[in-house]
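To keep things clear, I will list the structure first and then write my remarks on it.
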Amino acid sequence: MRIHSAMILAAGLGTRMRPITETVPKPLVEVGGKPLIAYSLEALHEIGISSIVANVHYLAPVLVDWLSGWSRADVVISDESDELLDSGGGVAKALPLLGNDPFFVMNADTFWCEDPAAGRSNLARMAEDFDPARMDILMLTARPDQATGHTGRGDFTIDADRRLARFTGSGEPVIYAGTLIMSPHILGSLTERRFSLNRCFDAAIAGGRLFAAPLTGHWLTVGTPEAIGEAESAMADYANGRPS
């Protein structure tokens, strides 16, 4: 399916990244020589998506100024300076900017190293695989052995049809890798201004309409200053063909 637009969730406070984030919004923290948000923007550019929305809150003028210099896409700002709306509320507020068709949603502080042998990028494969007749959400997932920086036990399990269910302690867990395609109608029943995307995930699970797009490559999340060096080491190891 052709996906035309995307939203990057960039409004978080980045409290665990202090003291760096006392003066720099977390999406602009550099890892591997570039700001975190640049990885999402570059991945979207690679598959031809130029209509992008980014929400802002903490140190908003700094992030807005940086995004205004991004020449490869028209990045429209969804301003949450007055009220931080959480992940789901942020997407709901931005719906008039995103349109009526399915769109990507990406976290600004997670990214991945593509597998050069995969043939297609992860975003390209997700766009091709998304089927609005069967799916409300197609979620990029990573196995724990494909991840650096994740400290949880896992989020979901995948069945033989690639449907997702919440991980409850049995089965092989996978991690929500911070990227998904969603149909906007899944937000229709949620009237609160501030809510988590987890509400959408649970609604999609209840209808059997939350599906996995297993990651090819290696996934990274950077939550603390110490995690920057860990991510950069993992990136170097992956590029050199060594296990992370």
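The values are calculated or read from the model by the stated rules, or taken from the named source; none is laboratory data. Note that the structure is predicted; figures quoted are calculated from it, not measured. Here Cβ is always computed from backbone atoms with ideal geometry, including for glycine, and neighbour counts include all displayed protein chains.
One residue stands out in the stretch 17-49 among those that are among the β-branched types (Val, Ile, Thr) and closer than 20 Å to LEU123 by Cα: the one that is surrounded by the most Cβ atoms within 10 Å (Cβ to Cβ), namely ILE37.
Condition check ((1) surrounded by 20 or more Cβ atoms within 10 Å (Cβ to Cβ); (2) part of a strand (DSSP E or B)) across all residues:
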{"position": "THR151", "(1), (2)": "no, no"}
{"position": "THR157", "(1), (2)": "no, yes"}
{"position": "ASP161", "(1), (2)": "no, no"}
{"position": "GLU172", "(1), (2)": "no, no"}
{"position": "TYR176", "(1), (2)": "yes, yes"}
{"position": "LEU180", "(1), (2)": "yes, yes"}
{"position": "ILE186", "(1), (2)": "yes, no"}
{"position": "LEU190", "(1), (2)": "no, no"}
{"position": "ARG194", "(1), (2)": "no, no"}
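Beta carbons closer than 9 Å, at least 6 apart along the sequence or on distinct chains, pair a first residue in the stretch 231-242 that is more than 16 Å from TYR39 (Cβ to Cβ) with a second that is in a helix (DSSP H, G or I) for ARG242/ALA236. The test for being farther than 15 Å from ALA213 by Cβ and in a loop (DSSP other than H, G, I, E, B) does not hold for ALA165.
Taken over the stretch 94-125, the criterion of being closer than 22 Å to GLY207 by Cβ, surrounded by fewer than 23 Cβ atoms within 10 Å (Cβ to Cβ) and out of contact with any His (no Cβ under 7 Å at 6 or more places or on another chain) is satisfied by LEU95, ASN100.
Apart from one condition, ILE52 fits all of (1) touching a residue at least 40 places away in the same chain (Cβ under 8 Å); (2) farther than 20 Å from PHE104 by Cα; (3) of a type outside the set (Gly, Ala, Ser); (4) crowded, with 23+ Cβ neighbours inside 10 Å; the exception is (2).
Restricting to the stretch 82-114, name every residue that is of a type outside the set (A, V, I, L, M, F, W, C), over 21 Å from PRO35 (Cα atoms) and in contact (Cβ under 8 Å) with a residue 12 or more places away in the chain. Those that are of a type outside the set (A, V, I, L, M, F, W, C), over 21 Å from PRO35 (Cα atoms) and in contact (Cβ under 8 Å) with a residue 12 or more places away in the chain: GLU83, ASP86, GLY88, GLY89, GLY90, LYS93, GLY99, ASN100, ASP101, PRO102.
Residues in the stretch 230-244 that are surrounded by fewer than 15 Cβ atoms within 10 Å (Cβ to Cβ) and either among the hydrophobic types (A, V, I, L, M, F, W, C) or within 21 Å of the chain's Cα centre (by Cα) (or both) were compared, and the one that is modelled with the highest pLDDT is ALA236.
Within the stretch 196-224, the residues that satisfy the criterion of being buried (at least 20 other Cβ atoms within 10 Å of the Cβ) and aliphatic (A, V, I, L, M) are LEU197, ALA204, LEU210, ALA212, ALA213, LEU215, LEU220, VAL222. Among the residues of this structure, MET135 counts as one that is assigned to a loop (DSSP other than H, G, I, E, B) and surrounded by 22 or more Cβ atoms within 10 Å (Cβ to Cβ). Working carefully through the options ALA204, ALA213, ALA127, ALA227, find the one that is assigned to a strand (DSSP E or B) and among the small types (Gly, Ala, Ser). Only one candidate passes the filter, namely ALA213.
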